[in-house]
1. Would you mind checking the tilt of helix 4-24 against the longest principal axis of the Cα atoms of the chain, expressed as 0 to 90 degrees and rounded to 10?
2. Normalised by the residues of the chain, what does the relative contact order come to in percent, with Cα pairs under 8 Å and at least six apart?
3. Helix-derived [θ] at 222 nm for the chain: sum -39500 (n - 2.57) over DSSP H runs of at least 4, divide by residue count, nearest 500?
4. Could you order peptides 61-68, 42-49 by the average number of other Cβ atoms within 10 Å of their residues, highest first?
5. By how many degrees, 0 to 90 and rounded to 10, does the Cα axis of helix 41-66 deviate from the longest principal axis of the chain?
6. Can you tell me the convex hull volume per residue for the chain, based on C-alpha atoms, in Å³ to the nearest whole number?
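Coordinate-derived values only; no laboratory data. These figures come from a predicted structure and were not determined experimentally. Methodologically, a virtual Cβ is constructed for each residue, glycine included, from the backbone with ideal geometry; neighbour enumeration extends over all protein chains shown.
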Amino acid sequence: MKQILVFWPSFLVAGIAEMVFFTVMDPQQLYLFGQPVDFSPIATYSIGFFGFWLVCAASSMLTVFFQRSADDINRL
């Protein structure tokens, strides 16, 4: 599988998702398991970006996986 087909689109979408999410939400007002998040705003933005990137990469990876042809699947 070509990693560029998965990681580049997911990187772009994760950047957009983070901009939209943190436009609406203040990083100092987030709660995790009922406790306030006490990271710095930069750390919260970074963790949020990598979380969005992970979810978007999983989505892109599943798309590439399910677009395989029957010949590719039966060859394994």
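1. With both axes taken from Cα atoms, the answer is about 20 degrees.
2. The normalised contact order for the chain reaches 44 percent.
3. Calculated mean residue ellipticity at 222 nm is -23500 deg cm²/dmol.
4. Ranked from most to least packed, the peptides come out as 42-49, 61-68.
5. 20 degrees
6. Convex hull volume per residue, Cα atoms: 114 Å³.
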